[in-house]
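The structure appears below as structure tokens.
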Amino acid sequence: MFKKLINWFFDVEVTEMIINDNEYKKLTQEAKSNYAKQLIKNPVFNGIINAMKDETVKSWQSTTNNDSVSRETLWLSMKMIEKLYATIKFESEKHTLDLKTKEKRKEIEEI
């Protein structure tokens, strides 16, 4: 039911992205990378990330030069948004990187 609601509301197809903690712990690195790739390619997810960035920038622009506490908090917020996206992006590429590393190790061992 929840998947159908998300599909209708966001007009996107939710495949098997909804899993619980126990299922997550059992996932292979390849499956985790695939989930992360789905997120990175999802226009709703990207829209949310961009909206968060835009809101943070607008809030920062509305602060005064003397309001260093608010500015620092907003700067840290922006860094956290960027870190979240970068972490998901890295996870989406990790399986491919692991495969390349294994190939290189095998080549070195053959030498």
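Observations
- Nearest-0.05 FRET efficiency for Ile48 and Ser68, computed from C-beta distance (R0 25 Å): 0.30
- Summing charges over all other residues whose Cβ lies under 12 Å from the Cβ of Leu99, with Lys and Arg as +1 and Asp and Glu as -1, gives +2.
- Label-point separation, Lys106 to Asn20 (7 Å along Cα→Cβ), nm: 3.8
- Too-long pairs where the Cα-Cα distance tops 23 Å, listed order kept, from Lys25/Lys79; Lys26/Lys94; Lys26/Lys89: Lys25/Lys79
Read-outs: derived from the displayed coordinates by stated rules, not from any lab. In this text the structure is predicted, and so the values were computed from the model without any measurement. Virtual Cβ from ideal backbone geometry, glycine too; neighbours counted across all protein chains shown.
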